[in-house]
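Read through the structure below, which is laid out as structure tokens, and then see the notes.
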Amino acid sequence: MAKRIAIAGATGAVGTLVRQMLEDRNFPYETITFLASKRSAGSTIEFKGETHTIKLLEPDAFNDIDIVIGSTPDDVAAMFVPWAVERGCIVVDESGYHRMLDHVPLVVPEVNADAIADHKGIIASPNCSTTQMVVAMKPIHDAAKIKRVIVSTYQATSGAGVKGQQDLTDGSRAFLEEKEHDYQAFSHPIAFNVIPQIGSHKADGYTSEELKMVYETRKIFGDDSIQVCPTCVRVPVSNCHSETILLETERPVSPEEARKLFEDAEGITVVDDLDGGIYPMPNNSDDLDDVFVGRIRKDISCENGLTFWCVSDNLRKGAATNAVQIAELLVSDKYSACGTSN
Ligand SMILES: NC(=O)c1ccc[n+]([C@@H]2O[C@H](COP(=O)([O-])OP(=O)(O)OC[C@H]3O[C@@H](n4cnc5c(N)ncnc54)[C@H](OP(=O)(O)O)[C@@H]3O)[C@@H](O)[C@H]2O)c1
């Protein structure tokens, strides 16, 4: 198929990394187009040594485009994705807007790559906190069927985009200088603080971010019986989300078996030596594509319980890497004929 590519939201935290990854991974393309709001349209960016002018995200921007990687807020995705699909594009959407629609595959290539074959013009990439968790769950689920997950997240400020990153830097500086900072992305100061709310209150005391972890996990595994109890927390870390994950399985999985399953799995690196003080942290997982696991141990409160610590770069595997992997599958021989765009 022709590979005329567009990046919608090319100037954002995720879009900037998508551009870098397409360049680094030598993604095959005939033409490439960068789209953003009127705030950025007309300014220029460099890609593969050439200067490109950012175009306005508008309906006719999708004429003569085959694949769109969308990294915009939900309301913008709701508006532009139909424009693109009507014009015959396949959209890989990183926003939350389309993820739970029945006709939209929600894909993490290490877990359910084959789901992309069913696309009708839109393929969604999950929420960053879900993506790293399902990659880590996959080998354990295949071996021993996961019944229940308890997860607590420690989410970086880059998960709230460019404004979130600025809030951490500028808010920390202001705090140290005993000045006020007007937070843009967070409803409480994030400097020298943790905030036990990400997203809005949805139901029964759970936030939108937490319910995404419940429903997206079930959709990706195609298994509505998996019970997930999440608590999502924002921490003053610039990049990389961390998670404590407890899994209850149908049969016991020893830490030794789990370590072997993790080591053999695609996209996972084990970093686990407690005596040596070696485990994944945001500062040794940053700017890498894998999901890192450590502190692998039995959940001593539950017979069939396993617990571990999991860190991944939310802008990479949690967003840009996952979307670019999906786009790579779309142009691969296996999937290039799949799906209908209209
Ligand atoms: N950050 C993460 O870790 C992460 C992980 C997974 C998924 N996501 C999802 O990815 C999407 C992008 O997140 P982000 O963190 O990159 O956000 P961001 O840094 O705020 O970037 C948003 C992008 O969307 C563009 N945009 C905003 N309003 C627009 C409009 N009205 N018309 C056209 N373009 C518009 C912006 O263009 P301008 O620069 O011109 O304003 C910018 O390029 C969100 O849906 C987010 O939920 C983010």
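Residues in region 116-133 that are in a helix (DSSP H, G or I) and surrounded by fewer than 24 Cβ atoms within 10 Å (Cβ to Cβ): 3 in all.
With respect to Ala191, determine if the residue is in contact with a Leu (Cβ under 9 Å, 6 or more places away or on another chain) and touching a residue at least 12 places away in the same chain (Cβ under 8 Å). So Ala191 fits the description; yes. Scanning region 14-47 for residues that are buried (at least 22 other Cβ atoms within 10 Å of the Cβ), near the ligand (Cβ under 7 Å from one of its atoms) and farther than 13 Å from Ala61 by Cα gives Val14, Gly15. Here Gly159 passes the criteria (1) outside any helix (DSSP H, G or I); (2) in contact (Cβ under 8 Å) with a residue 24 or more places away in the chain except the one numbered (1).
One residue is enough: does region 58-73 have a residue meeting the conditions more than 30 Å from Thr207 (Cβ to Cβ) and within 11 Å of the ligand (Cβ to nearest atom)? It would help to see each step written out before you state the result.
Going residue by residue through region 58-73, those that are more than 30 Å from Thr207 (Cβ to Cβ) are 58-67.
Filter once more, so that each one left must be within 11 Å of the ligand (Cβ to nearest atom): 58, 61.
Yes; the residues of region 58-73 include at least one that is more than 30 Å from Thr207 (Cβ to Cβ) and within 11 Å of the ligand (Cβ to nearest atom).
Look at Asp93 and say whether it is at pLDDT 95 or above and of a type in the set (Asp, Glu). Spelling it out, Asp93 is indeed at pLDDT 95 or above and of a type in the set (Asp, Glu). When Tyr154 is tested against the conditions (1) within 13 Å of the ligand (Cβ to nearest atom); (2) within 21 Å of Pro230 (Cα to Cα), the lone failure is (1).
Of the residues in region 63-79, at least one is more than 20 Å from Glu328 (Cα to Cα), among the charged types (D, E, K, R) and under 24 Å from the mean Cα position of the chain (by Cα). Would you check if Tyr154 is among the aromatic types (Phe, Trp, Tyr) and part of a strand (DSSP E or B)? Taking the combined requirement at face value, the residue satisfies it.
Taking the numbered list (1) in contact with an Asp or Glu (Cβ under 8 Å, 6 or more places away or on another chain); (2) within 21 Å of Ala8 (Cβ to Cβ) in turn, Leu315 passes all entries but (1). For region 65-77, the count of residues that are more than 26 Å from Arg234 (Cβ to Cβ) and assigned to a loop (DSSP other than H, G, I, E, B) is nonzero. Do you know which residues across region 203-227 are under 15 Å from Lys145 (Cβ atoms), surrounded by fewer than 17 Cβ atoms within 10 Å (Cβ to Cβ) and polar (S, T, N, Q)? The answer is Ser225, Gln227.
Selection of region 2-38 for residues being out of contact with any Leu (no Cβ under 8 Å at 6 or more places or on another chain), assigned to a loop (DSSP other than H, G, I, E, B) and more than 22 Å from Thr157 (Cα to Cα) yields Ala2, Lys3, Arg25, Asn26, Phe27, Pro28, Glu30. Checked against (1) aliphatic (A, V, I, L, M); (2) within 26 Å of Glu328 (Cα to Cα); (3) more than 12 Å from the ligand (Cβ to nearest atom), Ala124 meets all criteria but (3). For beta carbons closer than 7 Å, sequence separation of 6+ or different chains, a first residue in region 255-284 that is in contact (Cβ under 8 Å) with a residue 60 or more places away in the chain and assigned by TED's automatic domain parsing to the domain that holds Gly305 and a second that is of a type in the set (Lys, Arg) and surrounded by 14 or more Cβ atoms within 10 Å (Cβ to Cβ), the qualifying pairs are Ala265/Lys138.
The values are calculated or read from the model by the stated rules, or taken from the named source; none is laboratory data. Note that the coordinates shown come from a computational prediction; the quantities given were computed from them, not determined experimentally. Neighbour counts are summed over all protein chains in view; Cβ atoms, including those assigned to glycine, are modelled from backbone coordinates with ideal geometry.
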